[in-house]
Structures are given as C-alpha cells and as structure tokens.
C-alpha cells in the first residue's frame, strides 16, 4: 500500500496529496497529476473518478470514487454541501482574536480571484488557534472551514482579512518553501452504508515539501531507489541526488559546493545512508576513462564493487565503478512496473504479459531492467545490446530475482542489424521496447542520433512486432519537443501501413518533478499497433 493512501475500500479511495503535486495535470508533457498517476498505476484504480480537487500547493485529504454508486453519492454530497471540510493554514501576520465568517462574491481577475460584485458567492468560517506556535513562535495557525467550494476562496478570504497564507505570494503572503494550507479533515456519508465517516490527514507543515512528495509516493518496502533532488524543481538548479539503496549519488557539472555538501549530509541522515558519492557531469564523457567518469566517495563508507537496490520488489545490481552510469536509469521505474504488472494505463491493459508464451524484445537492453520486469511477469524475453559486459550484467540481474537466464535470449550486436535478421527469420514479438541512447555509433549502422534516426528505428522494429502487439518508444533527448517526438513515431507507423489502436503518453515519474525551471526531458509512449 502506498504511504499516501489513507483509506481504501470497495467504493472509496482516500489519499494524502503532498504539496506541489497537481490533483490533475493540465497536459501529460507537464507531468502526471496525482489522479492520473493513481489510475495508471494499479488495475484496481483504473476507474477512479475525481470528485473534488486541491490546489497544487495545497496538501491534504483527497477522495476518489471507485464505483458508480460512490461517484453518484459523493457528487450529490459535495453539490448539496453535505460534506464538511476543515483546513489548517499558517500565517506570519496578526489574526483576529475570535472566530469569524467571511462571505463575499468571488470573481476571477487574470490568474487571481478577488471579491467583486457579480461573482460566485463564497463563505468561509475562520477559527484562530492562539495556542499553536511554529518556528520561532511568530507563525499563527488558523482553522478554516469552507461552506462553499469556490476556487481559491480560503486564500482570498484570508488575504483580504489581512493574514495571507505563508508562502502564498499570489495573494500577498510571505515567500516560503510552500503554501502552508492543508486539507486536514473531511466528513461525509459512506456511499454504500450511509454511515458518517471522518477522514483525517495530520498537517505536514514541519516537513520539507520535496521530501514529503517522495515519502508519499514511494513504497519503501518495495523500492529504495529514487530521486531526492531534481535540479531547479527542488530548488537546486543543476544539482541532482539519487537514493540508491544504502548510498546517495550526487551529480552536477561542478564539484560540490559547501552548501551542497551540507545538504547531502542532511539527506544522508534523513534517508539513512552508509555513504554518498558525487559525479561531475561532463559533455566529453566518451573521451573520459572509466575511472574519471565514475562517481567519487565524498561522505561515509566506500560501497562494495557491486551492491543491490530494490525497485517495485525487484532486485538490481548497481556499481559506482563502471563509469558514467551505475546500471539502472531510475526515471524508467514506472515503465518497468508497467511490464511487471501488465497494466500500462487506465483502459490500456497488457493481458498477454502474464502468459508464459508472451515474447518481449528489449532493444538497447543495457543491464536488462525492462527484461527482468517482463520475465518476472512470466514473459519470454530477448535482450539485445551492443555490449557483452552489460548483457552479462543483465544475466546477473536475472539471477538476483530467481530467474533462469538460460531460459531467455541475450543477443550481442547492433540493434538495426539484428532487427533485420529477426525479420528475415520471421520472428515476431508481442512487445518491442525501444529506449535508445541519444547518440551511439557502431560498425554496422554507423552514427545514430535519436532526433534524426528514431523514426528509422521504429520502422526497423515494426516488422518484428505482431499485429495488436505493444511498442514502447522512449527517449531522454531533452531538447526534442514531445510533439515532434510523437509525430516522428506516428509517421513511421503510418508509413509502414500499420495502425495505432491505443496510445498512452507518459513523462517522467513524480520524483523527477517538472517545472518551468526544470522542464520535462523524458518522453515515453506506449502504443498498441494493428
């Protein structure tokens, strides 16, 4: 069970939404909102209905319907104002001494709302908590109970009464790490039993917002490898930190600053770690030696030559001694999970994946992460890569998970060359995975540049993809716009006179948050092709 889940039964799913995560994202390339992420994560959540929302920067309780009965009942209760909600807010301004109610008409003006004639009526009850103190004691807590459910109404009413919420700069609040507004309680009637239920989520005002996001969406028993700091999105432009089992890996294009070193030590304490390494990113990585490209120990104890991490219950071998990459790309964790569960997205199952005769071709397999996930689900896998070393590494990953590598195929060679060979042999696969490097070079195919040649790669793979088979196409080419990537993939499919039955586009996972300062770089599309 995800840490963010507060309650789940046949009809309801209640979760804690961390601050900084949209309830529902406006577009896939902007990142998945919590609602979409849940629906695409588990088959049992595929039919979730969104009943109400919270602002991106507001944390707290969200209720989703799982059945038609729940959807109807919850919609009626919210519409008829039979749902009681309690919010908590922090402010650094003076607040009234006694409870009071604000009732005004709100009108949207640009990106803000304000009290204006002709708007929608909004009513909020406020109760100051004079006993609560935070920080140095200068922060005040106020209980807010919205009678209506207008957009931004608590934020507007608090600001117009002289105590804007801490962090709510849109409405005049003092800049801070987040907007300190939390949906703490919600009381309603259960849609099936009609019994009153109260759902509560304690405020996390004393927690760092970016770390709360990680702890809310990572199942620590199943996964201990994820991103802790993702550049500017987490307030650290150009700096990236991953949790890799018992170790931390820091990456930037410069040596660690003293401020970064202090933060790394803090993270090692917050997420218990034996040691921490730093890797200086270089555009000349192909000219570097393995030793120069490998991360260097900066804190704690040295890692063994090979160590293990867990991801969705699967074990993978990593190493800090193999140059630029440690053996697994964490941003593909959700896609590996899709193979493991056979659930690509809501309305897009992969029912054949659990059958032993299902065949999956993993091109550019690297250390065979996708192959291990598919094999654990029962598929017969073929892993294709230009490196014998990485294929041997992949075989060790199979062994770590109790999989007999001799029952699966590992092919050393150029992907384009082998796709032609497999097609001539009339080999056909239920799924083909294409996640190439942005640049590569081989004797057989010459230079491969993903923006120029990805369409050629798709065209080469289609002859070995069965009718109604699934194609996974992915790239981390940061400067390639999602629209052009999808256009290239779709053009290659149409040119081969194949037809797309289903399509699901996904960006990077939530621990790689997307923002204006740190735009999306990972582009992935799952396609079922006739």
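The values are calculated or read from the model by the stated rules, or taken from the named source; none is laboratory data. Quick caveat: nothing in here was measured; it's all calculated off a predicted structure. Positions of Cβ are generated from backbone atoms using ideal geometry, with glycine treated the same way; all protein chains shown enter the neighbour counts.
Some observations on this one:
- Among the residues of segment 156-171, the ones that are closer than 19 Å to residue 209 by Cα and either crowded, with 20+ Cβ neighbours inside 10 Å or not assigned by TED's automatic domain parsing to the domain that holds residue 112 (or both) come to 4 in all.
- The condition of being farther than 22 Å from residue 209 by Cα and buried (at least 18 other Cβ atoms within 10 Å of the Cβ) holds for residue 277.
- Leading residue by the ranking (modelled with the lowest pLDDT) among those in segment 339-365 that are more than 23 Å from residue 37 (Cα to Cα), touching a helix residue (DSSP H, G or I) at 6+ places or on another chain (Cβ under 9 Å) and part of a loop (DSSP other than H, G, I, E, B): 358
- Here residue 493 clears all of (1) under 26 Å from the mean Cα position of the chain (by Cα); (2) crowded, with 20+ Cβ neighbours inside 10 Å except the condition numbered (1).
- Of residues in segment 150-162 being part of a loop (DSSP other than H, G, I, E, B) and touching a strand residue (DSSP E or B) at 6+ places or on another chain (Cβ under 8 Å), the one farthest from residue 60 (Cα to Cα): 161
- Against the test of being under 29 Å from residue 483 (Cβ atoms), touching a strand residue (DSSP E or B) at 6+ places or on another chain (Cβ under 9 Å) and surrounded by fewer than 18 Cβ atoms within 10 Å (Cβ to Cβ), the options 427, 449 yield a single qualifying residue, 449.
- Taken over segment 217-253, residues that are touching a strand residue (DSSP E or B) at 6+ places or on another chain (Cβ under 6 Å), closer than 29 Å to residue 88 by Cα and not in a strand (DSSP E or B) amount to 2.
- Close pairs (6 angstrom Cβ cut-off, 6 or more residues apart or separate chains): under 23 Å from residue 67 (Cβ atoms) in segment 192-206, part of a loop (DSSP other than H, G, I, E, B) anywhere: 192/11; 197/190
- Filter result for residue 250 (crowded, with 17+ Cβ neighbours inside 10 Å and farther than 22 Å from residue 509 by Cα): no
- Residue in segment 503-516 that is within 22 Å of residue 385 (Cα to Cα) and not in a helix (DSSP H, G or I) present: no
- Strands (runs of 3 or more DSSP E) within segment 254-334 that include 2 or more residues more than 29 Å from residue 362 (Cβ to Cβ) and modelled with pLDDT of 95 or more: 275-280, 296-300
- Here residue 165 qualifies as closer than 26 Å to residue 187 by Cβ, modelled with pLDDT of 95 or more and part of a loop (DSSP other than H, G, I, E, B).
- Where residue 167 falls short, out of the listed (1) under 23 Å from residue 83 (Cα atoms); (2) under 32 Å from the mean Cα position of the chain (by Cα): (1)
- Residue, farthest from residue 41 (Cα to Cα), within segment 209-229, restricted to residues that are surrounded by fewer than 21 Cβ atoms within 10 Å (Cβ to Cβ) and in contact with a helix residue (DSSP H, G or I) (Cβ under 8 Å, 6 or more places away or on another chain): 211
- Strands (runs of 3 or more DSSP E) lying entirely in segment 51-147 (those with 2 or more residues that are surrounded by fewer than 18 Cβ atoms within 10 Å (Cβ to Cβ)): 100-109, 112-115, 120-134, 139-146
- Residue 12 vs. criteria surrounded by 19 or more Cβ atoms within 10 Å (Cβ to Cβ), more than 20 Å from residue 218 (Cα to Cα), touching a helix residue (DSSP H, G or I) at 6+ places or on another chain (Cβ under 8 Å) and in the same structural domain as residue 191 (by TED's automatic domain parsing): yes
- Once segment 377-397 is narrowed to residues that are touching a helix residue (DSSP H, G or I) at 6+ places or on another chain (Cβ under 6 Å) and part of a helix (DSSP H, G or I), the residue that is surrounded by the fewest Cβ atoms within 10 Å (Cβ to Cβ) is 395.
- Unmet criterion (only one of (1) under 20 Å from residue 373 (Cα atoms); (2) surrounded by 15 or more Cβ atoms within 10 Å (Cβ to Cβ); (3) in contact with a strand residue (DSSP E or B) (Cβ under 9 Å, 6 or more places away or on another chain)) for residue 400: (2)
- Every test in (1) in contact with a strand residue (DSSP E or B) (Cβ under 7 Å, 6 or more places away or on another chain); (2) surrounded by 21 or more Cβ atoms within 10 Å (Cβ to Cβ); (3) modelled with pLDDT of 95 or more is passed by residue 419 save one, and that test is (1).
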